[in-house]
Structures are given as structure tokens and as C-alpha cells.
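Asker: Below is a structure I'd like to ask you about.
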């Protein structure tokens, strides 16, 4: 019982606030998103929570972010550019964008 409880507590602190689907965290990790981003804090790029807050009322945010994921971008979050992620398909980019926008 102690091991189960400890696993749950550790899971909450490691994952931070839950995003919609843990499988999408695995996708983000496999596409190297987590090298520059984290859910709750700025790393090299903005936190996913900050991205979600910035675009929460934007129509077309999934499309905009999916394009930025695939093609890269600069100037929105400061001087460090986000490189293009050519290994990410359009379907995966849209899935990742929707997942990032679900951060609370």
C-alpha cells in the first residue's frame, strides 16, 4: 500500500498538473519538445502553461502552433528562436498543439 501511495505522490510531482493525455507527453518527449519546454516553468522556451494562457482566446491557435512546431518561429517569446522540427508530421504537430493548449 505504501508503494502505491508513494508512486501516486511521485507521479503528481513529476508530471505537474495533468495535461489531457499522458500519451501526448510521451509524444512530446519523443519529438524532443521537452528538451526546451516544460509544463510549468520556462526552460529555454516558454512553459506550456504560458503558451496555453497566451493563446487561450485565439481562434485558430491549434493551426498556428502546429505550424510553429513544424516550421519554427522567433520573436514571440524573446530573442531565442524555436527551430523547425522537420521530424514532426502535421498530424502529430496538431496533436501536440492541442495538448499544449490544454495546459492549465
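Asker: Once both labels are modelled 7 Å past Cα along the beta-carbon direction, what's the residue 67-residue 43 spacing in nm?
Answerer: It is 2.6 nm.
Asker: Still on this structure, please answer the following. Could you estimate the translational diffusion coefficient of segment 19-101 from the Stokes-Einstein equation, with Rh from the Kirkwood formula over C-alpha pairs, at 37 °C and 0.692 mPa s, in whole µm²/s?
Answerer: It comes out at roughly 261 µm²/s.
Asker: Still on this model: Could you check the simple spin-label distance between residue 30 and residue 98, using points 7 Å along Cα→Cβ, in nm with one decimal?
Answerer: Result for the modelled spin labels: 1.7 nm.
Asker: Taking 0.36 nm per intervening residue step and subtracting the Cα-Cα distance, what contour gain separates residue 21 from residue 89 on full extension?
Answerer: 22.6 nm is the gain from fully extending residue 21 to residue 89.
FYI, it's all coordinate maths here, none of it is from the lab. Note that this is a predicted model, so its numbers are computed, not measured. Counting neighbours? That spans all protein chains shown, and the Cβs are built from the backbone with ideal geometry, glycine included.
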